[in-house]
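The values are calculated or read from the model by the stated rules, or taken from the named source; none is laboratory data. This is a predicted model, so every value here is computed, not measured. All Cβ positions, even for glycine, are placed from backbone atoms using ideal geometry, and neighbour counts span all protein chains on display. Only protein heavy atoms, including side chains, enter the accessible area calculation; ligands, DNA and RNA are left aside. Shrake-Rupley method; radii C 1.70, N 1.55, O 1.52, S 1.80 Å.
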Amino acid sequence: MEATGTDEVEKIKSKFMSAWHNMKYSWVLKTKTYFSRNSPVFLLGKCYHFKTDESGELSTDGSNFDKINTEISGNVEEFRKDFISRIWLTYREEFPQIKGSALTTDCGWGCTLRTGQMLLAQGLMLHFLGRAWVWPDALDIDNSDSESWTAHTVKKLTASFEASLTAEREPKILSNHHQGTLKRNCDVNEMRNEVYHRKIISWFGDSPLAAFGLHQLIEYGKKSGKIAGDWYGPAVVAHILRKAVEEARDPELQGVTVYVAQDCTVYSSDVIDRQSSFMDSGKADTKAVIILVPVRLGGERTNMDYLEFVKGILSLEYCVGIIGGKPKQSYYFAGFQDDSLIYMDPHYCQSFVDVSIKDFPLESFHCPSPKKMSFKKMDPSCTIGFYCRTVQDFEKASEEITKMLKSSSKEKYPLFTFVKGHSRDYDFASSPLREENDLFSEDEKKRLKRFSTEEFVLL
C-alpha cells in the first residue's frame, strides 16, 4: 500500500509539473523572432537571403510568415519550409510509465535528451532523405493557435491532413499540393520519402519499444549512473545516443553508426573502423557515421572567440546541429544569423502521440516557428554533430574542419582535433568487445562520470 501511495504522489507531482512547465514555457510558440533583412541566415549548411531595398528587421513568429512573403523579396518561404521540416522533439506527457519510476512525463528534466534526439533525427534524415528534402506539408502548419497547441488542437488541424495522406496512397490520386504538376515517378519518390519521414519519427516515439525513444535512452543512461528524473549533460547524452544506435535492431539502421570523440579528439582510424565494420548479414559494407564531439566553449561563460568557429560549423551541410543551450536549459542549435543562434526549443509539453498507429498525426513533431538567442548567452558545455556517408566523406570533412579549427583558433590549442591512428596508439583504453550486459566499458564509465559533472580540461 505504501508503494502504491508513493506512486500516486509521483503521478500527481508529474501532472503538476507538466501544467507548470506548460504555463512557464507557453511563450515558446507565441513570442516573435526578429530576423535582419540584410544578413544571410544559415540553417544546417543552407544559406538564405532576405535582403531587400528596405532596411530594418522582419518578424517571423510563424503566423506572420505569409505577411512577410508579400512584403519582401528573397526566399523566406524556402527558409520557413526548410526549418519546419526538421524534426522537433519536445517534452511529452501521459506516455507509458518509465520503467523503475512512476513518471509518465519528462517535463522539467528531459530537455537534453530531447535535443539529443533532434540531433540524431537530423543525422537520420540526411542518411535516408538527404539535405534537400523538405516536408511537402510544412507550410500547412498554422501557428495562430499556438497557445493551445495540444492534442486537441492537433486533432483539429490534422483531420484534413490525414485525409490527404490516405488519398496520397492511392496510385492515381495526388495530394492537393501536387495536383496535375508531378509525374508518376515523382509521386513514387514522394511516397517513399513520406514512409521514411514517418519511420524516422516513429524511432523516437515515447514508448518502451521505440529504438531512440525516451524509455530506451533512459535505460542506457542507467549504465552511467543516471535515472529518470535526473538532468543529463550534452556529453552524457552523446554516449547514450551512440549506445542506442549500436543496440538498434531495425535492419534499416544497420547502415548507420555513431562515434563519440574522446577528450576532444577524433581518432580517424577508429572512425574508419566503425564505418568499415561488418553488417549483421555478415557482408562487409561501409556504414555512414554520425560523429559527436563533446566540447566546452570556455570556462564559466562561453568565450566569444569561438563564435566564428560555431558559425562555420553550422554552415556545413553535413553538420547535424549542436546539443547546447543556456545553463540547465537545453536547446537544439541548427543555424545562425549574425551573432545569434537559431534553435528549436524542447521546453513545451505536448500530449503523447502513439506512433505505432497508422497515419499518426505529424504536426506536433515539426516546429512552426524558429527562435534566436545571442551566442554570448550560450552555456559553454555542448556537443557538436556531423554526418559522413562514406569514408571519403569523413576524410574530406576532417580536412575541412581541421582548417576551420586552425583558422578560428586564437589560442595555441584548437577546440578539438582530428588525429591519425587509433586511440589505443595513444595509450587510451579501447575495448570494442564487451559483455552484452555491460553496455559501457570501465573506461567509458569513468569518462561519463567526469562528463556528468561537466568537467573538461581547458587548454
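Please go through (1) open to solvent by 20 Å² or more (accessible area, probe 1.4 Å); (2) in contact with a His (Cβ under 9 Å, 6 or more places away or on another chain); (3) under 23 Å from Val245 (Cβ atoms) for Pro294 and return the number of the only condition it doesn't satisfy.
Of the numbered conditions (1) open to solvent by 20 Å² or more (accessible area, probe 1.4 Å); (2) in contact with a His (Cβ under 9 Å, 6 or more places away or on another chain); (3) under 23 Å from Val245 (Cβ atoms), the odd one out for Pro294 is (1).
I need the full set of residues from segment 33-92 which are of a type in the set (D, E, K, R), at pLDDT 50 or above and more than 25 Å from Tyr331 (Cβ to Cβ), in order please.
Selection gives Lys51, Glu54.
Could you list, in sequence order, all residues of segment 382-393 that are touching a residue at least 40 places away in the same chain (Cβ under 8 Å) and open to solvent by 10 Å² or more (accessible area, probe 1.4 Å)? Even if it seems obvious, please write down each step before you answer.
Filtering segment 382-393 for residues touching a residue at least 40 places away in the same chain (Cβ under 8 Å) gives 382-391, 393.
Answer for segment 382-393, where residues must be touching a residue at least 40 places away in the same chain (Cβ under 8 Å) and open to solvent by 10 Å² or more (accessible area, probe 1.4 Å): Tyr387, Arg389, Thr390, Val391, Asp393.
Mind checking whether some residue in segment 111-130 is closer than 30 Å to Lys226 by Cα, within 25 Å of the chain's Cα centre (by Cα) and modelled with pLDDT under 50?
no
With the condition kept exactly as written, say whether any residue in segment 340-355 is part of a loop (DSSP other than H, G, I, E, B) and out of contact with any Phe, Trp or Tyr (no Cβ under 9 Å at 6 or more places or on another chain).
Narrowing segment 340-355 to residues part of a loop (DSSP other than H, G, I, E, B): 345-349, 352-355.
Checking which are out of contact with any Phe, Trp or Tyr (no Cβ under 9 Å at 6 or more places or on another chain) leaves us with none.
Checking segment 340-355: not a single residue is part of a loop (DSSP other than H, G, I, E, B) and out of contact with any Phe, Trp or Tyr (no Cβ under 9 Å at 6 or more places or on another chain).
Is it the case that some residue within segment 313-324 is open to solvent by 20 Å² or more (accessible area, probe 1.4 Å), touching a residue at least 60 places away in the same chain (Cβ under 8 Å) and under 16 Å from the mean Cα position of the chain (by Cα)? I'd like the intermediate steps shown before the answer.
From segment 313-324, those open to solvent by 20 Å² or more (accessible area, probe 1.4 Å) are 315, 317-318; that's our starting set.
Narrowing further to those that are touching a residue at least 60 places away in the same chain (Cβ under 8 Å): 315, 317-318.
Of the ones still in play, those that are also under 16 Å from the mean Cα position of the chain (by Cα) are 317-318.
Checked against the condition, which is being open to solvent by 20 Å² or more (accessible area, probe 1.4 Å), touching a residue at least 60 places away in the same chain (Cβ under 8 Å) and under 16 Å from the mean Cα position of the chain (by Cα), segment 313-324 yields at least one hit.
State yes or no: is Gln337 polar (S, T, N, Q), surrounded by 18 or more Cβ atoms within 10 Å (Cβ to Cβ) and more than 22 Å from Gly205 (Cα to Cα)? Don't jump to the end; show me each part of the working.
On the way: polar (S, T, N, Q): yes; surrounded by 18 or more Cβ atoms within 10 Å (Cβ to Cβ): yes; more than 22 Å from Gly205 (Cα to Cα): yes.
Yes: the conditions hold for Gln337.
Here are some residues: Glu300, Glu219. Which one is surrounded by 15 or more Cβ atoms within 10 Å (Cβ to Cβ), out of contact with any helix residue (DSSP H, G or I) (no Cβ under 7 Å at 6 or more places or on another chain) and of a type in the set (Asp, Glu)? Walk me through it before giving the result.
Details: Glu300 fails: surrounded by 15 or more Cβ atoms within 10 Å (Cβ to Cβ).
Of Glu300, Glu219, the one residue that is surrounded by 15 or more Cβ atoms within 10 Å (Cβ to Cβ), out of contact with any helix residue (DSSP H, G or I) (no Cβ under 7 Å at 6 or more places or on another chain) and of a type in the set (Asp, Glu) is Glu219.
So is Ala210 part of a loop (DSSP other than H, G, I, E, B) and surrounded by 15 or more Cβ atoms within 10 Å (Cβ to Cβ) or not? Before you say what the answer is, go through the steps one by one.
On the way: part of a loop (DSSP other than H, G, I, E, B): yes; surrounded by 15 or more Cβ atoms within 10 Å (Cβ to Cβ): yes.
So Ala210 passes the test.
One line per residue, one yes/no per condition, for (1) among the acidic types (Asp, Glu); (2) modelled with pLDDT under 55; (3) within 30 Å of Ile342 (Cβ to Cβ); (4) part of a strand (DSSP E or B):
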| residue | (1), (2), (3), (4) |
| --- | --- |
| Asp393 | yes, no, yes, no |
| Ser398 | no, no, yes, no |
| Thr402 | no, no, yes, no |
| Leu405 | no, no, yes, no |
| Glu411 | yes, no, yes, no |
| Pro414 | no, no, yes, no |
| Gly421 | no, no, no, no |
| Ser431 | no, yes, no, no |
| Arg447 | no, yes, no, no |
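Residues of segment 103-143 being in a loop (DSSP other than H, G, I, E, B) and aliphatic (A, V, I, L, M), which ones? Let's see the steps before the verdict.
Keep residues of segment 103-143 that are in a loop (DSSP other than H, G, I, E, B), which gives 103-104, 106-110, 129-137, 141-143.
Scanning segment 103-143 gives Leu103, Leu129, Ala132, Val134, Ile141.
Determine whether Ile323 is modelled with pLDDT of 90 or more, under 24 Å from Asp82 (Cβ atoms) and among the β-branched types (Val, Ile, Thr). Steps first, please.
Numbers: modelled with pLDDT of 90 or more: yes; under 24 Å from Asp82 (Cβ atoms): yes; among the β-branched types (Val, Ile, Thr): yes.
So Ile323 fits the description; yes.
If you take the residues of segment 356-380 that are assigned to a helix (DSSP H, G or I) and more than 17 Å from the chain's Cα centre (by Cα), which of them is nearest to Glu308 (Cα to Cα)? Can you show your working first?
Our first condition is that a residue be assigned to a helix (DSSP H, G or I); within segment 356-380, this holds for 363-365, 375-377.
Filter once more, so that each one left must be more than 17 Å from the chain's Cα centre (by Cα): 375-377.
Numbers: Phe375: 10, Lys376: 12, Lys377: 15 Å.
Selected residue: Phe375.
For Asp339, are the conditions met, namely being of a type in the set (Asp, Glu) and touching a residue at least 60 places away in the same chain (Cβ under 8 Å)? Show your work before the answer.
Details: of a type in the set (Asp, Glu): yes; touching a residue at least 60 places away in the same chain (Cβ under 8 Å): no.
Against the criterion (of a type in the set (Asp, Glu) and touching a residue at least 60 places away in the same chain (Cβ under 8 Å)), Asp339 does not qualify.
Residues being open to solvent by less than 10 Å² (accessible area, probe 1.4 Å), more than 14 Å from Ala235 (Cα to Cα) and of a type in the set (A, V, I, L, M, F, W, C): count how many of those fall in segment 103-119.
From segment 103-119, those open to solvent by less than 10 Å² (accessible area, probe 1.4 Å) are 105-107, 110-119; that's our starting set.
So of that shortlist, the ones also more than 14 Å from Ala235 (Cα to Cα) come out as 105-107, 110, 118.
Those still in the list that are of a type in the set (A, V, I, L, M, F, W, C) too: 107, 118.
Residues flagged as open to solvent by less than 10 Å² (accessible area, probe 1.4 Å), more than 14 Å from Ala235 (Cα to Cα) and of a type in the set (A, V, I, L, M, F, W, C) within segment 103-119 amount to 2.
Out of all the residues in segment 234-247, is one or more in a loop (DSSP other than H, G, I, E, B) and either among the acidic types (Asp, Glu) or buried (at least 18 other Cβ atoms within 10 Å of the Cβ) (or both)?
The initial filter retains those residues of segment 234-247 that are in a loop (DSSP other than H, G, I, E, B), namely none.
No, segment 234-247 has no match at all.
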